[in-house]
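To keep things clear, I will list the structure first and then write my remarks on it.
The values are calculated or read from the model by the stated rules, or taken from the named source; none is laboratory data. All figures in this text were calculated on a predicted structure; none of them were measured in a lab. Cβ: placed from backbone, ideal geometry, glycine included. Neighbour counts: every protein chain shown.
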Amino acid sequence: MSGIQAVRGMNDLLPGERVRLWHRVESAIRELTSLYGYQEMRTPVLERTELFKRSIGEQTDIVEKEMYTFTDTGGDSLTLRPEATASCVRAGIQHGLFHNQQTRLWYMGPMFRHERPQKGRYRQFHQFGAEAFGWDGPDVDAELIIMSSQLWALLGIGRITLELNSIGSPAARAEYRERLVGYFGERKAELDDDSQRRLGSNPLRILDSKNSEMKTIIEEAPQLADYLDDESKTHFDGVKERLNRAGIDFRINQRLVRGLDYYTRTVFEWTTDLLGAQSAVCGGGRYDLLVEQLGGKPTPATGYAIGLERLIELVSLQGGGEEEGATDIYLALLGETAELEGVVIAHQLRTEGYSVVANCGGGNLKKQMKRADRSGASMALIVGDDEINAGTVVIKPLRGVGTQVTVERDSIQSSISGFLVEEN
């Protein structure tokens with residue numbers, strides 16, 4: 001089986017600093033969701049294809065080009081989830097989570113899209129998302145945006161900008177859509193192939209085109225703000241006022257429409273100039289019609305999702321990957337008696353909350369010290385048969401300051417604690 005490699009665009013995450021960085025980001029997410037009272041939801045990676053056709057829209061790029069879809073042995077069309085909002089809604093309807101109640105949910109896990117792999121954009125990628133069901137006012141829109149901004153603070157992220165827009169009600173968008181079709185139809189020869197295809201199915205997506213040759217024609221297109229209904233304008237004003245009061249800076253981007261058909265009213269993105277073409281780190285908005293569209297009772301909803309690969313790359317670029325590993329102690333064991341007693345010492349230290357890597361496979365002191373250094377541990381405890389007989393251990397700092405000392409075995413824990421405090 002030599003030569004078999006991972007599927008293109010689906011990457012291995014190897015042990016080491018990168019995994020520790022993922023752990024740090026995941027821990028920050030769990031802290032954040034706890035602060036805001038959101039509850040974790042876990043849904044299957046496989047769903048019925050119909051779910052995404054009905055939610056995302058059959059004429060979107062995701063459904064038309066990017067989904068991993070197959071027919072199983074029972075004849076059902078199944079799809080690896082390309083996003084998780086639809087799955088949350090499906091689960092909420094199926095299990096009665098929206099019945100006469102308001103619900104705050106969050107999720108984290110792998111998604112799948114058959115795209116051209118590039119930095120920060122993979123065929124298996126991971127998302128964290130938060131969804132709120134049952135509130136129709138601007139307060140929960142603002143809450144979610146403020147919540148996402150707090151994640152940047154927890155992770156020490158700067159150089160990130162909030163872009164905000166309202167795409168109004170379905171009726172307002174329908175009127176605007178007709179105006180766009182007329183405008184772009186008169187300039188069809190100036191549109192690229194994707195935009196010409198979208199002209200008849202989803203003309204708002206033309207506004208989201210990244211083709212620099214179409215910049216002028218898009219800038220001169222009619223603006224959705226001129227077609228917003230009064231209720232959507234009032235709602236949007238409420239969102240902006242709350243963000244201003246919270247000290248959240250934002251930029252109105254009237255070309256921001258998001259890529260999924262289910263959005264209504266508020267839409268937003270957090271973008272950065274540090275990741276090249278993949279500038280969007282977080283995106284979301286309101287989707288008040290989706291629960292009913294998927295078979296539930298009318299339920300207002302809003303949410304956002306963050307691509308974790310891009311987020312982790314952003315944290316790494318801003319110095320978030322420089323922390324040492326989490327291992328406290330490497331236990332070097334020299335001699336048969338020490339190896340047997342090492343089981344007891346390691347167990348005692350772990351029950352006290354220290355992370356311990358115990359040497360396995362023997363080896364002389366030099367070889368074990370090389371292993372200790374590679375482990376990333378803060379210190380080594382050296383225990384040989386002589387130390388066992390004397391009731392002592394040797395503490396050797398591996399990082400930072402400090403000198404090697406021999407201590408009584410009964411005082412290991414206090415001595416270790418002192419070394420770790422000194423190091424930090």
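Results, tabulated for the structure shown:
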read-out: Residue tally, condition surrounded by fewer than 17 Cβ atoms within 10 Å (Cβ to Cβ) and not charged (D, E, K, R), over the range 346-374; value: 11
read-out: Matching residues in the range 226-241 - criterion: being surrounded by 17 or more Cβ atoms within 10 Å (Cβ to Cβ) and not in a loop (DSSP other than H, G, I, E, B); value: Tyr227, Ser232, His235, Phe236, Val239, Lys240
read-out: Residues that are over 22 Å from the mean Cα position of the chain (by Cα) and at pLDDT below 90, drawn from the range 276-324; value: Glu324
read-out: Arg258 vs. criteria of a type outside the set (A, V, I, L, M), part of a strand (DSSP E or B) and closer than 15 Å to Leu164 by Cβ; value: no
read-out: Filtered residue count, the range 159-185, keeping only those that are in contact with a strand residue (DSSP E or B) (Cβ under 6 Å, 6 or more places away or on another chain) and under 17 Å from Ala142 (Cα atoms); value: 7
read-out: Residues within the range 278-292 that are among the hydrophobic types (A, V, I, L, M, F, W, C) and closer than 17 Å to Asn253 by Cβ, tallied; value: 3
read-out: Extreme residue, nearest to Arg205 (Cα to Cα), among residues of the range 7-63 that are acidic (Asp, Glu) and in a loop (DSSP other than H, G, I, E, B); value: Glu58
read-out: Subset of the range 123-152 (residues that are within 15 Å of the chain's Cα centre (by Cα) and among the small types (Gly, Ala, Ser)); value: Gly129, Ala130, Ser148, Ser149
read-out: Number of positions in the range 181-203 that are assigned to a helix (DSSP H, G or I) and more than 34 Å from the chain's Cα centre (by Cα); value: 9
read-out: Members of the range 99-119 that are in a loop (DSSP other than H, G, I, E, B) and crowded, with 20+ Cβ neighbours inside 10 Å; value: Arg113
read-out: Unmet requirement for Phe70, which otherwise passes all of (1) part of a loop (DSSP other than H, G, I, E, B); (2) free of Cβ contacts under 8 Å to residues at least 60 places away in the same chain; value: (1)
read-out: Pair list, Cβ < 9 Å and 6+ apart or interchain, from the range 171-191 residues that are more than 13 Å from Arg205 (Cα to Cα) to residues that are part of a helix (DSSP H, G or I) and acidic (Asp, Glu); value: Arg179/Asp226; Glu190/Glu213
read-out: Candidate set from the range 135-180 (those that are out of contact with any helix residue (DSSP H, G or I) (no Cβ under 9 Å at 6 or more places or on another chain) and either among the basic types (Lys, Arg) or not in a helix (DSSP H, G or I) (or both)); member that is farthest from Thr103 (Cα to Cα); value: Thr161
